[in-house]
There are 4 protein chains.
Amino acid sequence: MTRNIAVGVIGTGEMGTRHAHNLHRLVPGASVAGTYDVDRDRAARVAAECGGATPFGDPHELIRDPSVDAVLIASTDSTHAAFVQACLDAGKPVMCEKPLAQTAGDALRLVQAEQALGRRLIAVGLMRRFDPQHLAVRRVVKAGGIGKGLMFKGTHRNARVPTHLPGQVLITNSAVHDIDSARWLLGEEITEVFVRGMRTRPHFSRETVDMMLLQFRLTNGGLCTIEVTAAAGYGYEVSAEVVGEAGTVITAQPADAVIRLRGQIAAHVDQIWLDRFRQAYVDELVGWTESVRAGTPFGGASAWDGYISQVVTDACIEALNTGLPVAVPTPGMPDLYRQDTLREGVRAD
Amino acid sequence: MTRNIAVGVIGTGEMGTRHAHNLHRLVPGASVAGTYDVDRDRAARVAAECGGATPFGDPHELIRDPSVDAVLIASTDSTHAAFVQACLDAGKPVMCEKPLAQTAGDALRLVQAEQALGRRLIAVGLMRRFDPQHLAVRRVVKAGGIGKGLMFKGTHRNARVPTHLPGQVLITNSAVHDIDSARWLLGEEITEVFVRGMRTRPHFSRETVDMMLLQFRLTNGGLCTIEVTAAAGYGYEVSAEVVGEAGTVITAQPADAVIRLRGQIAAHVDQIWLDRFRQAYVDELVGWTESVRAGTPFGGASAWDGYISQVVTDACIEALNTGLPVAVPTPGMPDLYRQDTLREGVRAD
Amino acid sequence: MTRNIAVGVIGTGEMGTRHAHNLHRLVPGASVAGTYDVDRDRAARVAAECGGATPFGDPHELIRDPSVDAVLIASTDSTHAAFVQACLDAGKPVMCEKPLAQTAGDALRLVQAEQALGRRLIAVGLMRRFDPQHLAVRRVVKAGGIGKGLMFKGTHRNARVPTHLPGQVLITNSAVHDIDSARWLLGEEITEVFVRGMRTRPHFSRETVDMMLLQFRLTNGGLCTIEVTAAAGYGYEVSAEVVGEAGTVITAQPADAVIRLRGQIAAHVDQIWLDRFRQAYVDELVGWTESVRAGTPFGGASAWDGYISQVVTDACIEALNTGLPVAVPTPGMPDLYRQDTLREGVRAD
Amino acid sequence: MTRNIAVGVIGTGEMGTRHAHNLHRLVPGASVAGTYDVDRDRAARVAAECGGATPFGDPHELIRDPSVDAVLIASTDSTHAAFVQACLDAGKPVMCEKPLAQTAGDALRLVQAEQALGRRLIAVGLMRRFDPQHLAVRRVVKAGGIGKGLMFKGTHRNARVPTHLPGQVLITNSAVHDIDSARWLLGEEITEVFVRGMRTRPHFSRETVDMMLLQFRLTNGGLCTIEVTAAAGYGYEVSAEVVGEAGTVITAQPADAVIRLRGQIAAHVDQIWLDRFRQAYVDELVGWTESVRAGTPFGGASAWDGYISQVVTDACIEALNTGLPVAVPTPGMPDLYRQDTLREGVRAD
């Protein structure tokens, strides 16, 4: 009885395949209408795995096809902005994996195009906003029990890293999530950034900066510190803490079982982000397809969030390169993106 | 493209309503075809909430109706056995909330009827088998790292309790879950039970036994101890631990966020079982509807498990009443119920 | 300026050596006056390690020697009662490692002798009463926040075990500590015991019972369950939990550091009781020597506690042997042993 | 038999009184010989509480008095350097509460005076080096299991704060401890500092900076981030984490008991540093008096550590005031202060 949302998936690499499988198997009232990938075989394979969806040979055909209600973009970063613009042109809702664009200017143009349309069609894939642990922290902060939020502390560790990882990539691919967490959890904007990084292994390329500390100032005078460690060795782990006037709240590390063995009490740590954020990825798509069905704005990250993320990561790259603190502009948020009354997450029943 | 499983829900009290909502909103490829309840208004209300399902005036009509692919029974305990038998007569898969029947004899008759059919249509709602924490313990035990499982330790606490709660009700309604956990996690049967209980508040009725310790012997000589506390005050909490030769494994207490406030570091505890086992209830129905669709046996509790649960709870009631250890018969499991190769849970991808 | 307490140590095996070293190095205002052991070399070695104490050739000479202010007995169990009696005869304070005697009758005779003297000279080495974690549980229970204490749950695991360990030894050597914890933390006496045990490895001797569940009834109708596992494999661990009307309190597992490594978040578990209770052993001697100096009753376990421990362990052995619940006598506590106003632990400043 | 170390205590405020009581009651082989305070009554009271020590009217008389084996300085910060110099002049071992001096220059003069003497008489009271949790982290790092240490992360929270707290005071009084932890745990020196602070409450004085983030670069290219929050509200808490190549290690939060009550699982947090570091303060004095007795260098912080702390805090104050990253000089450590083979802590037996 529920209207089905048929999604076209552009980009069927690791992330896009996960999204397609989630839409097909775990998101009620959603299906995969079609797929596109530069690797046609891969697109066809994922289409077949998702209940016989149509593999498209041209992404713009997929976007325009009447069988496609909404579009999910998980292709390579440099293609995002143009595909999102095409979705706007076709008047179709679109979920774009971060980054929304490759420059702040490109992101701003998408924001302006959306404003010209007068309705929000763009969702950005910053999935932590649907993670049960991050949502719990958000709820505690909003409930006010710990007082006004004064500081954000983020930790972001990957188990393994390529031997060539320029610092700007660590910022735009990894730190961008923590930047979004800081803004979202505190409800403040970032006004100054200071960044220091390190190449942790001599055999990594000279340009590699695989460990980083980022320190921010916020609009309310508050502070942030973010650790991004790409070669943490032991596993993949993310934590987010808010220090308030009266107390603090931090994401619990998810644990299923506690094992006592060989002189230790231990819990398992996930190895990759797809495992850690398994539920968040499903809930993000549930929330998104529900918003598409209802014609209401998406409860997760908006085009505006995608644009501001770009503005902050640009400043972080400059701070890393110059070694100095860098001021960050804080343009006023257009009315289209105010969403104080939106439902967050998908578990609020 | 996936074949939809249309479920008829008999009994739309608190538990049945939750199941109906889950089927309608959170279980992909499932829907609510119809509802029945002795309170017709309630049945109609839930039917309306679930996408306009049909409210039936007669449960047997619901069971026989061709629009109903499978039946979920959440009505009052005394009606379970007859409804399950009617499902068998109609050749329809049925998920029956525990208890399967009210006497071991009645449960055995259902087992025998199923055996006569030669295929498994009966699923029993012991949802912990789908709880992520319990599944994690099960996986660790099966992986063998902690050696042979020697002991099960269960804790089962409700926050609040009615002032009249006879000991046998605590056994059949609450301890039955822990009994199933012990059998499932260790893969052994219970051969002896010893039970002591307590009325914890003077204002509870004289027949009330709201706190209980159950101690078992297992087929491999192993041991169990189970605490059931109905008036724990602070919240609802379940834990399950297996002690093995080389180590132990215990369910982690689910936690979203850790709060530092007023001299404490604290995590939230759920207040009712519907919150604690929210995900387990969804996953149980996902697993069940998948098995219905595929025509394969359900990966959770079978009619046999429902029957053995009844045998053990009967012995526990006798032990509570006599004050003595009571031997428990361990009939051999019919071939129909061997399922060593079944996939468990729904998160194994 | 503080009066020094010179202690004679009888028995310089592993436990007695630890006590002697603690007295010499870590207990302010105490020293080792002399040592005795059936192995004279060992006694001499420990005497030398403790600042040049006198090695005695006869334990009764040590007890009577005017240089000895107080006596610590850590010799083999069968010698305890006679040495304690000799200390009473000499009018000297004595700390006796558990068990106080080998039969309830012998223990009772010491209680009666002490009563005849009219002052308490006997302290029994049940060191958990000085463990910071156990004291914290005790304080929470006494403060009343969790309501009336209804249940005690104990876990007691050793890493390794001799291949020959008769069940009665597991009861008198290991379970005796948990029995004392139950009585001390709840302030109730044990009225019924039920015991089941297991030999966990086929290569252990046929008489071995190295894993045990003990279930008790208390004077207030409350309940206890105690796990004693002698071959836990992974390490040495003790926990004590009290379930009250409004909440529960459990000993925290001591942890120094939390390590993230190879896919795990882990904390270290001690391997032997001497490490786990390192501080408790020191604090027990601090409390004991302070009581000797002040001439006030010892804040830890008394001769009465030693006697009741024996009564309960006797009943447990009978329960293990008969397979039936066994009633435990609960003689009234003589006035000499009431100590409601005593200071507990040594950290209350 | 052990030689007693008689200590003269200069300054009997909160900290000095705690040290005096510890020396008198909890440090074996130590006593309080005399006390001095600008408040003569207070000095006399503490002297009386410590076994009848001598209250001195002149601190230099105390330092020179033949009954005083060693001196502990806990007077107001501005007096430290001169009292330490007087101890050097008298050839007596001295434990000086941090800071060693008020300028790097004054501290350096004490280092040079000590070098001229050719033996180490100065100990600096940075007590975390004796905290069991910090020692455990240090042991894990030194054992090498987590690989080379790359990053230090410190958190330092006080429950309450005066309404006037200039940023430089927060640096010299609070952050100085975390600076020492970073140097000690990683074995690296700090080469660059960047500091941002915040006044968290409008009613605090305008000069107040009660919340601070400090970010450092280290000699090996590694990084540090330190949070100092003076008005954390909920309690006093310190944590120290080292991120290594293969894993991480962090101080466990000390916990005695875990309480389940009113919908929470909770552990207590200390309210003041004297409670959190109770054991560290005792062990620091045990280690110091043992080193005085043996004539060996103190295993804790040296005059060199006190000097370098001053150099780093000077740079932090400049960074706070200028808003820019500030380079920190790293003078070579004189041979006198190399102590690779020293025993650390007092629990290594």
Item to complete: Return yes when D:Ala82 is touching a residue at least 24 places away in the same chain (Cβ under 8 Å), surrounded by fewer than 21 Cβ atoms within 10 Å (Cβ to Cβ) and over 20 Å from D:Thr17 (Cα atoms) and no when it is not.
Response: no
Worksheet item: Within segment D:1-53, which residues are more than 20 Å from D:Val94 (Cβ to Cβ), modelled with pLDDT of 95 or more and not charged (D, E, K, R)?
Response: D:Ala44, D:Ala48
Worksheet item: Give me the pairs: first residue in segment B:311-340 and outside the structural domain of B:Val111 (by TED's automatic domain parsing), second residue among the basic types (Lys, Arg), beta-carbon distance under 7 Å, and six or more apart or on different chains, which are they?
Response: B:Leu336/B:Arg120
Item to complete: Any residue in segment C:148-163 that's within 11 Å of chain B (Cβ to nearest Cβ) and farther than 22 Å from C:Arg217 by Cα: show its pairings with residues that are outside any loop (DSSP other than H, G, I, E, B) and of a type in the set (S, T, N, Q) at Cβ separation under 6 Å, as long as the two are six or more apart or on different chains.
Response: C:Arg157/C:Thr229
Worksheet entry | In segment D:173-200, the residues that are touching a Pro at 6+ places or on another chain (Cβ under 6 Å) and surrounded by fewer than 23 Cβ atoms within 10 Å (Cβ to Cβ) | D:Glu192
Practice prompt. Please state which one of D:Thr54, D:Thr35 is polar (S, T, N, Q) and within 24 Å of the chain's Cα centre (by Cα).
Written response: D:Thr35
Worksheet, complete the sentence: Of (1) over 21 Å from C:Ala20 (Cβ atoms); (2) buried (at least 17 other Cβ atoms within 10 Å of the Cβ), C:Ile63 fails just (1)
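Each row is one residue, and each column tells you yes or no for (1) buried (at least 24 other Cβ atoms within 10 Å of the Cβ); (2) aliphatic (A, V, I, L, M); (3) out of contact with any Ser or Thr (no Cβ under 7 Å at 6 or more places or on another chain).
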| position | (1), (2), (3) |
| --- | --- |
| B:Ala33 | yes, yes, no |
| B:Ala43 | yes, yes, no |
| B:Ser75 | no, no, yes |
| B:Arg109 | no, no, yes |
| B:Gln115 | no, no, yes |
| B:Arg129 | yes, no, yes |
Fill in: Flag for C:Glu61 being among the acidic types (Asp, Glu), in the same structural domain as C:Thr296 (by TED's automatic domain parsing) and farther than 24 Å from C:Trp273 by Cβ
yes
Response to the item:
All-but-one check, D:Ile308 against (1) in contact with a strand residue (DSSP E or B) (Cβ under 8 Å, 6 or more places away or on another chain); (2) surrounded by 22 or more Cβ atoms within 10 Å (Cβ to Cβ), failing number (1)
Worksheet item: Out of the residues in segment A:41-78 that are free of Cβ contacts under 8 Å to residues at least 12 places away in the same chain and hydrophobic (A, V, I, L, M, F, W, C), which is farthest from A:Gln102 (Cα to Cα)?
Response: A:Ala48
Discussion item. Being part of a strand (DSSP E or B) and crowded, with 23+ Cβ neighbours inside 10 Å narrows it down to one residue among D:Val124, D:Val140; which is it?
Written reply: D:Val124
Worksheet item: Say we look at segment B:206-262 and pick out the residues that are among the acidic types (Asp, Glu) and within 14 Å of chain A (Cβ to nearest Cβ); which of these is surrounded by the most Cβ atoms within 10 Å (Cβ to Cβ)?
Response: B:Glu241
Worksheet item: Does D:Asp270 qualify as being of a type in the set (Asp, Glu), in contact (Cβ under 8 Å) with a residue 60 or more places away in the chain and more than 12 Å from D:Met95 (Cβ to Cβ)?
Response: no
Fill in: Residues located in segment D:288-305, provided they are surrounded by fewer than 22 Cβ atoms within 10 Å (Cβ to Cβ) and assigned to a helix (DSSP H, G or I)
D:Glu290, D:Arg293, D:Ala294
Worksheet entry | Of the criteria (1) within 11 Å of another protein chain (Cβ to nearest Cβ); (2) modelled with pLDDT under 95, which one D:Gly295 fails | (1)
Worksheet item: Would a scan of segment C:316-335 turn up a residue that is modelled with pLDDT under 95 and part of a helix (DSSP H, G or I)?
Response: yes
Practice prompt. Only residues that are modelled with pLDDT under 95 and either of a type in the set (Val, Ile, Thr) or at positive phi (or both): list them for segment A:77-109, please.
Written response: A:Thr103
Fill in: Residue in segment D:170-192 that is under 20 Å from the mean Cα position of the chain (by Cα), within 19 Å of A:Arg217 (Cα to Cα) and of a type in the set (S, T, N, Q) present
no
Worksheet, complete the sentence: Within segment C:143-169, restricting to residues that are farther than 21 Å from B:Arg199 by Cα and part of a loop (DSSP other than H, G, I, E, B), the one that is nearest to the chain's Cα centre (by Cα) is C:Asn158
Worksheet item: Taking into account only those residues within segment C:203-220 that are within 24 Å of the chain's Cα centre (by Cα) and free of Cβ contacts under 8 Å to residues at least 24 places away in the same chain, which is farthest from C:Pro166 (Cα to Cα)?
Response: C:Gln215
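The values are calculated or read from the model by the stated rules, or taken from the named source; none is laboratory data. Nothing here was measured: the structure is a model prediction, and the numbers come from that model. Neighbour counts run over all protein chains shown; Cβ positions are idealised from the backbone, glycine included.
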